[in-house]
Amino acid sequence: MTGEEALRPQSLMLTFLGDQVLGRDVCVYSGSVIDVFARAGIGEQATRSTLTRMAGRDLLRRQREGRRMYFGLTERAEAVLRDGERRIWQTGAVNRHWDGTWTLLGFSLPESWQRQRHDLRSRLTWSGFGPLFNGLWIAPGEIDVSALVAELGLSAHVKIFRAHADAGMDIGRMIEDTWELSDLAAGYEGFVRRWKPWEDDLPDADDALVLRLRLQTEWLRIVRRDPRLPVKHLPDDWPAEQAEKTFRTVHERLSPLARAASERLLDLVPVRPQA
């Protein structure tokens, strides 16, 4: 599956930790992680490198028990995982309750600031914005990007507003001109093609854990790219609702087997206070 092959080890690792560690005050043995990731086709060296990099970025904490090394979550990792949890289970893929509010962000940067312009555009895209005009970007709802702008050191060059469209505005046309709807739709359609067969089939018990890991990681990647445009202004055949239904159905079917597999495969210990 193309969507599966493109998943990065760190993305899979975050999903794994969100499933098995988040909210449980436990650490997981590195050997258990290596075992699970090997079943996902990721080699031991790549898994160890991912654990080391994430610890270096303050996303994991180490805890030694005898000769074994265990990994737990830092506050930073918990914040990242809680955000993903909200995006999957609370925010969802379909924006049915939009109140008509838009966030507008205008910026004017010196011509020589190409890197800053690229960084700002990348972060805005990640936050759900699209380019209404060259220096004016727009996102549905009330999006707080003040911290993002401050982090980039661009507060003096950016202006942020909340707005409503004029009554005569063709919002659907504006959305089509501002966002690549065909790319978003293709992501959802591809997800359904890859995962719909699992609405009826069940894998072997030990494969269920890895399959659910891939399912959640791929789904989060897709919904994070979606700016959650108001569904009433999207094409009638917008595929997000069907894709979300497939995700939830397959997740529910895999979960009992995945939980049983995790109990067999994972070595967990309680978190000890760090000195």
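The values are calculated or read from the model by the stated rules, or taken from the named source; none is laboratory data. Nothing here was measured: the structure is a model prediction, and the numbers come from that model. Every residue, glycine among them, receives a Cβ derived from its backbone with ideal geometry; neighbour counts consider all protein chains shown. Only protein heavy atoms, including side chains, enter the accessible area calculation; ligands, DNA and RNA are left aside. Shrake-Rupley method; radii C 1.70, N 1.55, O 1.52, S 1.80 Å.
Evaluated against (1) touching a residue at least 40 places away in the same chain (Cβ under 8 Å); (2) assigned to a helix (DSSP H, G or I); (3) in contact with a strand residue (DSSP E or B) (Cβ under 7 Å, 6 or more places away or on another chain), ARG53 falls short on exactly one condition, (3). Restricting attention to the stretch 30-48, the residues that are part of a helix (DSSP H, G or I) and in contact (Cβ under 8 Å) with a residue 12 or more places away in the chain add up to 12. Would you say ALA186 is open to solvent by 20 Å² or more (accessible area, probe 1.4 Å), in a helix (DSSP H, G or I) and in contact (Cβ under 8 Å) with a residue 40 or more places away in the chain? Against the criterion (open to solvent by 20 Å² or more (accessible area, probe 1.4 Å), in a helix (DSSP H, G or I) and in contact (Cβ under 8 Å) with a residue 40 or more places away in the chain), ALA186 does not qualify. Filtering ARG67, ARG87, ARG82 for residues that are in contact (Cβ under 8 Å) with a residue 60 or more places away in the chain, open to solvent by 60 Å² or more (accessible area, probe 1.4 Å) and over 19 Å from HIS233 (Cβ atoms) leaves a single hit, ARG82. Looking at this structure, is ASP58 touching a residue at least 40 places away in the same chain (Cβ under 8 Å) and either open to solvent by 40 Å² or more (accessible area, probe 1.4 Å) or among the charged types (D, E, K, R) (or both)? It is false that ASP58 is touching a residue at least 40 places away in the same chain (Cβ under 8 Å) and either open to solvent by 40 Å² or more (accessible area, probe 1.4 Å) or among the charged types (D, E, K, R) (or both).
Of everything in the stretch 130-153 that is in a strand (DSSP E or B) and either hydrophobic (A, V, I, L, M, F, W, C) or over 20 Å from ASP226 (Cα atoms) (or both), the residue that is most open to solvent (accessible area, probe 1.4 Å) is PHE133. Restricting attention to the stretch 154-183, the residues that are open to solvent by 90 Å² or more (accessible area, probe 1.4 Å), more than 30 Å from PHE37 (Cβ to Cβ) and assigned to a helix (DSSP H, G or I) add up to 3.
Screening the candidates ALA46, ALA93 for the property of being over 30 Å from SER155 (Cα atoms), open to solvent by less than 60 Å² (accessible area, probe 1.4 Å), modelled with pLDDT of 95 or more and small (Gly, Ala, Ser) yields one hit, ALA46. On the given criteria, is SER127 of a type in the set (S, T, N, Q), more than 19 Å from LEU229 (Cβ to Cβ), free of Cβ contacts under 8 Å to residues at least 60 places away in the same chain and out of contact with any Cys (no Cβ under 9 Å at 6 or more places or on another chain)? In short, no. Can you give me the number of residues within the stretch 80-125 that are part of a helix (DSSP H, G or I), within 22 Å of LEU181 (Cα to Cα) and in contact with a Leu (Cβ under 9 Å, 6 or more places away or on another chain)? So the count comes out to 5. Listed by first and then second residue, the pairs linking a residue in the stretch 254-272 that is among the acidic types (Asp, Glu) to a residue that is in a helix (DSSP H, G or I) and at pLDDT 95 or above, with Cβ atoms under 9 Å apart and 6 or more places separating them unless they lie on different chains, are ASP267/GLY31; ASP267/SER32.
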